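The values are calculated or read from the model by the stated rules, or taken from the named source; none is laboratory data. A quick note: this is a predicted structure, and the numbers were derived from the prediction, not measured. Cβ placement follows ideal geometry from the backbone for every residue including glycine, while neighbour counts extend to all protein chains displayed.
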Amino acid sequence: MRNPWWLLAALVGFLSVGLGAFGAHALEPRLSDDGVARWALSTRYLAAHVPLLLAVAWVNDADWGQRSARRARAAGLTCVSGLVLFSGSLGAMALTDVTALGAITPLGGLSLLAAWALLGAASLARAPAAARGPASQAAGPAPRPTPPH
């Protein structure tokens with residue numbers, strides 16, 4: 001697989017919709033009001049971070065240079081770990097009412113913030129077209145016509 005970030009973004013989007021519907025239709029009658037709110041928040045955060053994962057996929061396909069690609073991949077990995085910690089802990093609290101799991105949630109939130117910062121750093125690390133190679137230069141603006149003498 002050339003770029004797994006596209007598939008991962010689609011999977012997280014699929015899970016956000018599927019788990020949200022499951023919570024609204026199958027779990028809502030069985031959960032406390034706090035449980036319903038936690039489940040809904042966990043699925044909203046999954047959906048809210050799909051654009052970040054799509055951007056990671058795009059940067060890895062674009063010719064932005066290795067530094068940008070590395071930072072984008074770091075953003076993606078940090079985002080996935082943040083989603084597991086944040087949405088996972090909220091979902092687990094919703095299902096079990098074990099509120100001690102709430103100690104994990106802020107770690108996930110910090111990871112998600114770091115992921116957005118890393119994505120911004122990837123955009124700042126974009127190599128100039130000349131440093132990226134001939135393919136980037138070919139895709140650049142057309143040369144200016146020379147004025148007549």
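Inspection of the range 86-98 identifies no residue that is modelled with pLDDT of 95 or more, over 30 Å from Asp34 (Cβ atoms) and not hydrophobic (A, V, I, L, M, F, W, C).
Here Gly13 passes the criteria (1) among the small types (Gly, Ala, Ser); (2) over 22 Å from Arg2 (Cα atoms); (3) without any contact (Cβ under 8 Å) to a residue 40 or more places away in the chain; (4) crowded, with 16+ Cβ neighbours inside 10 Å except the one numbered (2). Taking Thr78, is it more than 21 Å from Leu54 (Cβ to Cβ) and polar (S, T, N, Q)? For Thr78, the condition - more than 21 Å from Leu54 (Cβ to Cβ) and polar (S, T, N, Q) - is not met. In the range 65-95, of all residues being closer than 21 Å to Leu19 by Cβ and among the polar types (S, T, N, Q), the one that is surrounded by the most Cβ atoms within 10 Å (Cβ to Cβ) corresponds to Ser87. Contact annotation: residue pairs with Cβ atoms under 7 Å, 6 or more positions apart or on different chains, pairing a residue in the range 85-108 that is farther than 21 Å from Arg30 by Cα with a partner that is assigned to a loop (DSSP other than H, G, I, E, B) and modelled with pLDDT of 95 or more, are Leu85/Ile104.
Which of the residues belonging to the range 24-64 are closer than 16 Å to Phe86 by Cα, hydroxyl-bearing (Ser, Thr, Tyr) and surrounded by fewer than 16 Cβ atoms within 10 Å (Cβ to Cβ)? Matches in the range 24-64: none.
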